[in-house]
Amino acid sequence: MEFNYQARTKTGKVQVGTVEAASEEGALMLLQSHGLFVTKLESAESVPFYARKLDFRRVSKKDLVMFARQLSIMFESKVPLVESLHTLAEQADKPRFKEIITDISEKIEGGTSFSQALAAYPELFDPFFINMVRSGEASGKLSEALSYLSDHIEREYELSAKVKGAMIYPIIIICMMLGVGIVVSIYVLPQLLEILQETDQELPFMTRLIIMGTNFLRSWAGFATIILFFVG
């Protein structure tokens, strides 16, 4: 079962989160074992859906950069790994990330290695991240491995941002050209084609093709097809 709790740390700081336990007593004992003074504890199932705090923010690359960098600094400063993770969990502003960091720290306290605990979340920590941490654990250079990872992820994040930024301008130009083309086809070409048709001469194949395309665009079916094309 999951329980929502509100507690205070030894320093008096308020901490809110979710803990999983077999019973309310088990959840209380688990929280107290982490040095928390529980002020509120209730089953997550008892909270109505409309009263739950929903957060759809994903854990981003930027969050991972900060996670690896801060953990590297604290580990280099001789702060124990579990204590460092508890600190990062308290600082996390995204509930999902807070929950993941807390679970990782609990796994480590239970005897699991750091790399194995990270491997439980493959959607967040890729094989490269996990293997680098595993190498750092084996060589005793976990701080250096985390520092390298933070730099590596930051470079990936910046490159991705540059690529997205470079793609925006061409997309805007293409959309503008399509918009102008549609306006011309619907409002300008029909008038020119009417003049050509009044000459009673046989129109070239390409001209007749343009007339068909213009009539298609002016119909509701044409608009619907274009919209479905861009949406799909």
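The values are calculated or read from the model by the stated rules, or taken from the named source; none is laboratory data. Being a predicted model, the structure only gives us computed values, none of them experimental. Cβ atoms come from the backbone with ideal geometry, glycine included; neighbour counts cover every protein chain shown.
Residue by residue, here is whether (1) under 24 Å from the mean Cα position of the chain (by Cα); (2) exposed (fewer than 11 other Cβ atoms within 10 Å of the Cβ); (3) among the small types (Gly, Ala, Ser); (4) on the phi > 0 side of the Ramachandran plot holds:
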{"residue": "160", "(1), (2), (3), (4)": "yes, no, yes, no"}
{"residue": "170", "(1), (2), (3), (4)": "no, yes, no, no"}
{"residue": "173", "(1), (2), (3), (4)": "no, yes, no, no"}
{"residue": "182", "(1), (2), (3), (4)": "no, no, no, no"}
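Among the candidates 153, 173, which residue alone is over 17 Å from residue 64 (Cα atoms) and of a type in the set (A, V, I, L, M)?
When all the criteria are applied, what remains is 173.
Out of 84, 135, I need the residue that is within 27 Å of residue 19 (Cβ to Cβ) and out of contact with any strand residue (DSSP E or B) (no Cβ under 8 Å at 6 or more places or on another chain). Which one?
It is 84.
Checking the structure you have, find out if any residue of the range 4-27 is surrounded by fewer than 18 Cβ atoms within 10 Å (Cβ to Cβ), touching a residue at least 60 places away in the same chain (Cβ under 8 Å) and outside any strand (DSSP E or B).
Yes, because at least one residue in the range 4-27 is surrounded by fewer than 18 Cβ atoms within 10 Å (Cβ to Cβ), touching a residue at least 60 places away in the same chain (Cβ under 8 Å) and outside any strand (DSSP E or B).
Is the range 187-195 home to any residue that is hydrophobic (A, V, I, L, M, F, W, C), part of a helix (DSSP H, G or I), assigned by TED's automatic domain parsing to the domain that holds residue 67 and surrounded by 10 or more Cβ atoms within 10 Å (Cβ to Cβ)?
No, that holds for no residue.
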